[in-house]
Structure formats: structure tokens, C-alpha cells
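See below for the structure under consideration.
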Amino acid sequence: MRRAAVLLIPVLLVSCSRSPAGCSGDFCGTVVFAAIGQPSTLLPPLGEALERDIHDQIFLKLADIGPDGNTIGDKGFEPQLADRWGWTDSLTLAFHLNPKARWQDGPPVTAGDVAFTFRAFSDSEIGSNYRENLSRIASVTAQDSATAVFHFRTRYPEMFYDAAYQLRILPQHLLDSLPYPRWRGSAFGRAPVGDGPYRFVSWTPDQSLELAADSTFFLGRPHIRRLIWRFAADPQTAIAQVIAGEADAIEVLLSPPNIDRAKKTAHLTVYPYAGSAYTFLDFNLHARGGSGPHPVFSDVAVRRALILATDRERMVTNVWGTAAKVPPAPIPQAWKALWFNDLPIPAFDTTRAKHMLDSAGWRDTGHTGVRQKGSRKLAFSIRVPSTSAARKQYAQLIQEQLRRIGVQVTIEESDNPTFQQKYHAGDYDAAIQTYVNDPTPSSGVPQTWRSTGDDNAGHYSDPAFDHQLDLATHAPTPDDALRAWKAAFVIFAADAPAMMLNAPDNVAAVDKRITNVRIRPDSYWAYLWTWRIPADRLIDRDRLER
């Protein structure tokens, strides 16, 4: 599931229960996370970026990917609710549930819960972002109370990944009587009951959310006793909380200046890891807010010329230093296998860009410094979220570089919710967007760039590109998939529906008193239940009781 990089959605709800009290041995401490925004609901089918961090602590999957991030076959996958699995035939996969798995209100986790979860995630009334990723699973049935059987429509390399990774299993006994249209505003979404290492405690709107360790968790008691997400309105406020010691951890420091500040802060340790995001300037190929062709971007020659006229290597150095790269295609650094070295990435060349615009009929005939064709100026606006300093800086650099070849660019800023709403409504000429992606391109690339993709806001469409996506996502072997991905990206580069800007490495910051910290690119806090705070490093908030 591809998701926008920042989620800022308000909620109007409160739920409370007791906090954990006391410490004992290797079971103590509090970790406060500085969170950008706050959740809208804690129901997994409806979650996005921030919710997923919290879901990982409350709800389990059947199995989870391992540290190497492999998504092909089941190599490296680690058991969660299922302690073993096997193929009945090439289209039938059986998961055998761990008999010790329990819901936090007592009942065992059953195969009926798994089948119920699949139906919910796949139902159009709920409208889960995960639904498209599950479309090649025909059904899930309960062979018996401990055996969930997945039936696939076709063979493809990531069958196991789709079955295991996409579904956080839900308690049928608590949700079965609730009609799907009422899920988003349900009491369960405000105070969930899960099967994971942490239990829900409280949620104070606009302030914080608290979880407590489940001391009876069947895979082993967590070491950190209490988790708190403290909500900040913007990234810089969140980062400032961690620098000041008011919070203990943040998953992304966002920019070199913030990384430098964290490195110089005595109580913090920084943790670099492969980034799962990339940023791009998206060209809207349709007229703004309409269905006809865009007066500028409908011409592929113009799009290619604009890309040639921007020095993207210099821009990434100006904004990110050495902490990011210009991606060869719509891929983050975490997808290392797809960073093909021989993709046709155009080099910065203003002479060639000017010639292409001249040939396309865009000339500065009036000697005003702005090209035009007939009575239309070569002008457009770039939308950016006002909360992203990096994206605003990119917009300014692009504006200045394109001015030099006779293109007039204006910049439109808005808060992030407004930016996302207008972007997905097609109300923009060009927009600088950042997407955070799953550990595989099979969901993110089709969702964003296929002609029928849910998030194809710019209306890019090329049957040849779509065909290569189909070959890649249905390939019988990993090598076949790589060849198809490469062919797709060659077509993408020729079509130039967007200007790839950066794919950063991520850097997290965590308080030094916390040990055994591991961070996974696709799920920042996946290993949180194995973190520790040694007894000799406890601070006041680690001992805090209510």
C-alpha cells in the first residue's frame, strides 16, 4: 500500500483505562514518540502512515517479513500468529495458527478471525487502501479453528507476501455484528482490542495516545512497559521535542540540518536506514480540475524539456547533501534491486531543452523572457505543502532554473490536508508529492502510475507501461520480474509523466538510554517490543505511574 508521507487528520474522541504500574527486572520504562499528526481511527483496514506504527504494537499478522525485507516466496518471513505454513498446491496456502495466540480479552485467535479479516479488508464498503493488494486472493476459508486456507486466482512471486503482510488480523467476536459503514466511527476504532504485544490504554485528542505492555503476550513479554505517542502539528515541532528530551524517538529527521542537530545532541543516538520514500514533481496531463488535455503538459516533448532543464543532481545536493539520491525511476532506496545502473536518465542539458521547446512551438517571440505559443504563455504553477521545507525549497529551485529557459513558474502553498485534497482532486498544474511505500514495488508503482491506479492523480496512461507492470507483478521468477520492471521504467522515462527529484536515506533519532534498537524501513517500530531500557538508565518518566 502506497501512502502519502505525512498524515494530519483530526479526531474527536477519548477513551481511557488504567496505565501500567510499577517496574520489575527487565520489564520497565516509558518510550515517548514524537508523532507528526494523529490517527483518525485505530482500525487496521482504515489506517495509513501513523496508524500503522500503532497497529504494529496492537495487532499481529500471520507472518511478517524479516530484516532483509524479502517479499518473494516465504524466505526470511518470521512467524507471528501462524507458527507454520505450507502449500497444498500451487494456488492454495495453509497457515497453521499458534495455539497460544490469544485476543487481549481472552478468546483464542482462530482461523475464523483470519477469514473474517480478509472479507473486511476486501470489501468495497470499508474501502481499505489494502484492498487492491488483495485482489489476486480469491478467498480465505477456515479448514478448522486453527488452519486458515488462502485460495489464489493465479500464481505470482509475492503470493505469500500478500497473504501474510497485508492483513492485521481482527477479532471477529468483537466486530462481526458491526455493519461495515459504521466501522470508521466505531467505538472499537477508538479503543481497540488486539492480539499483539501492547494493549490500548488511552487516547487524548490533539495530545497523546498511550499503550501498555501485555505481560501475557504469547511470543514473549515486551521489555518496555509503556508507549506514548505525543502528537505534534508539524515535523519541526516533533523534532524539537526529541532534541529537547521531551520525547524519546522520532522515525525520520527529514533533513541534513536536523540530522546534524541530532548527532550533536548528547542524549540521542541516530540510526540510518534505507528510505522507503521518494519525491517527484508530478505533471498533471489533464487540464486543471478537468478532463481535457493540459495546455502545457499534454505534450511529451515539453515534459522532457523541463526535465532536461533542471539540474537534479545539484538540487539534491543543495537540499539533502549526501543523504539522498536522484532516483532513476519512481522507486525509493529501500528497493535496492530496482536501482538499475543503465536506465536512460537524461542528464542536465539546457541547450537541448531550449531546442526541444523551440521545436514544440514555444518561443520567446516578444522578447519578454517568457516563451509562448500563439497567445498562451509557457507558464504553470507548482503546488507544495507549506509544512514541508524540503519541498518548498525544491519548488523555488525549479522555479529559478526554468526561468532561465523562458518558463514562468508560480508556487502555490497550502497546509498538508488541503494539499492532499487538491492533489487527489486533480486541482493542480504540477505538484511536488512524496510517497512512502511498502517493501515491494508491486503495490506502490501500480497504485500510483498505472492508468487505472487509485492514486494516479496526474492521469498518466500508457498501455505499454501497464503491460510491463502486469508482467512484473505476475512474473514466474524474480529474474523475470526484474526484467519487466526495468522495461517498465524505460517506458516511464520516455513518457516523462513526472520529474523524479529525490529518494532519501532515512535517519531516526532515539534516546541513548534505550538499547537493542532495530529499525525496519517499511515499518519503523516493528521490533519495538524487543527494545530495552536497562535499570541503571531509567529516568523520571520511566517510573511514572498514574
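The values are calculated or read from the model by the stated rules, or taken from the named source; none is laboratory data. Predicted model only: the values in this text are computed from it and were never measured. Neighbour counts are summed over all protein chains in view; Cβ atoms, including those assigned to glycine, are modelled from backbone coordinates with ideal geometry. Side chains included, ligands, DNA and RNA excluded: accessible areas come from the protein's heavy atoms. Shrake-Rupley method; radii C 1.70, N 1.55, O 1.52, S 1.80 Å.
Could you list all residues from the stretch 244-264 that are open to solvent by 20 Å² or more (accessible area, probe 1.4 Å), touching a helix residue (DSSP H, G or I) at 6+ places or on another chain (Cβ under 9 Å) and in contact (Cβ under 8 Å) with a residue 40 or more places away in the chain?
Within the stretch 244-264, 246, 251, 252, 254, 255, 256 qualify.
Which one of these does residue 454 not meet: (1) modelled with pLDDT under 95; (2) surrounded by 21 or more Cβ atoms within 10 Å (Cβ to Cβ)?
Residue 454 satisfies every listed condition except (2).
So which pairs qualify, if the first residue must be in the stretch 319-343 and free of Cβ contacts under 8 Å to residues at least 40 places away in the same chain, the second must be among the basic types (Lys, Arg) and surrounded by 24 or more Cβ atoms within 10 Å (Cβ to Cβ), the Cβ gap must be under 7 Å, and the two must be at least 6 apart or on different chains?
From residues that are free of Cβ contacts under 8 Å to residues at least 40 places away in the same chain, there are no pairs.
Scan the stretch 468-477 and tell me whether some residue there is open to solvent by 10 Å² or more (accessible area, probe 1.4 Å), over 29 Å from residue 256 (Cβ atoms) and at pLDDT 95 or above.
Looking for residues that are open to solvent by 10 Å² or more (accessible area, probe 1.4 Å), over 29 Å from residue 256 (Cβ atoms) and at pLDDT 95 or above, one finds at least one in the stretch 468-477, hence yes.
Using the structure shown, decide if residue 397 is out of contact with any His (no Cβ under 9 Å at 6 or more places or on another chain) and open to solvent by less than 30 Å² (accessible area, probe 1.4 Å).
Details: out of contact with any His (no Cβ under 9 Å at 6 or more places or on another chain): yes; open to solvent by less than 30 Å² (accessible area, probe 1.4 Å): no.
The answer is no for residue 397.
Out of the residues in the stretch 139-177 meeting the condition of being more than 19 Å from residue 43 (Cα to Cα) and of a type in the set (S, T, N, Q), tell me which one is least open to solvent (accessible area, probe 1.4 Å).
It comes out as 147.
What residue, among those in the stretch 273-315 that are polar (S, T, N, Q) and either free of Cβ contacts under 8 Å to residues at least 24 places away in the same chain or under 12 Å from residue 459 (Cβ atoms) (or both), is surrounded by the most Cβ atoms within 10 Å (Cβ to Cβ)?
Taking the stretch 273-315 and keeping what is polar (S, T, N, Q), we get 276, 279, 284, 291, 298, 310.
The next check asks that each one be either free of Cβ contacts under 8 Å to residues at least 24 places away in the same chain or under 12 Å from residue 459 (Cβ atoms) (or both); those that pass are 284, 291, 298.
On the way: 284: 26, 291: 8, 298: 16.
Looking at residues that are polar (S, T, N, Q) and either free of Cβ contacts under 8 Å to residues at least 24 places away in the same chain or under 12 Å from residue 459 (Cβ atoms) (or both), I get 284.
Yes/no matrix, rows are residues, columns are (1) touching a Pro at 6+ places or on another chain (Cβ under 8 Å); (2) more than 18 Å from residue 40 (Cβ to Cβ); (3) modelled with pLDDT of 95 or more; (4) not small (Gly, Ala, Ser):
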residue: 191; (1), (2), (3), (4): no, no, yes, no
residue: 200; (1), (2), (3), (4): yes, no, yes, yes
residue: 205; (1), (2), (3), (4): yes, no, no, yes
residue: 224; (1), (2), (3), (4): no, yes, no, yes
residue: 231; (1), (2), (3), (4): no, no, no, yes
residue: 234; (1), (2), (3), (4): no, no, no, yes
residue: 242; (1), (2), (3), (4): no, yes, yes, yes
residue: 248; (1), (2), (3), (4): no, yes, yes, yes
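Kindly indicate whether residue 538 is within 25 Å of residue 240 (Cβ to Cβ), touching a residue at least 40 places away in the same chain (Cβ under 8 Å) and open to solvent by 10 Å² or more (accessible area, probe 1.4 Å). Even if it seems obvious, please write down each step before you answer.
On the way: within 25 Å of residue 240 (Cβ to Cβ): yes; touching a residue at least 40 places away in the same chain (Cβ under 8 Å): yes; open to solvent by 10 Å² or more (accessible area, probe 1.4 Å): yes.
In short, yes.
Would you please name the residue that is farthest from residue 443 (Cα to Cα), looking only at residues in the stretch 120-147 that are part of a strand (DSSP E or B) and hydrophobic (A, V, I, L, M, F, W, C)? First the steps, then the outcome.
In the first step, residues of the stretch 120-147 are kept if they are part of a strand (DSSP E or B); the result is 137-144, 147.
Subset that is hydrophobic (A, V, I, L, M, F, W, C): 137-138, 140, 142.
Values: 137: 14, 138: 18, 140: 20, 142: 27 Å.
By that ranking, first place goes to 142.
Quick grid of which residues meet (1) at pLDDT 90 or above; (2) surrounded by 21 or more Cβ atoms within 10 Å (Cβ to Cβ):
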{"residue": "494", "(1), (2)": "yes, no"}
{"residue": "502", "(1), (2)": "yes, yes"}
{"residue": "507", "(1), (2)": "yes, yes"}
{"residue": "511", "(1), (2)": "yes, no"}
{"residue": "518", "(1), (2)": "yes, no"}
{"residue": "523", "(1), (2)": "no, no"}
{"residue": "527", "(1), (2)": "yes, no"}
{"residue": "533", "(1), (2)": "yes, yes"}
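Taking the stretch 343-390, which residues are in a helix (DSSP H, G or I) and either open to solvent by 50 Å² or more (accessible area, probe 1.4 Å) or at pLDDT 95 or above (or both)? Before you say what the answer is, go through the steps one by one.
Filtering the stretch 343-390 for residues in a helix (DSSP H, G or I) gives 350-359, 389-390.
Passing the criteria: 350, 351, 352, 353, 354, 355, 356, 357, 358, 359, 389.
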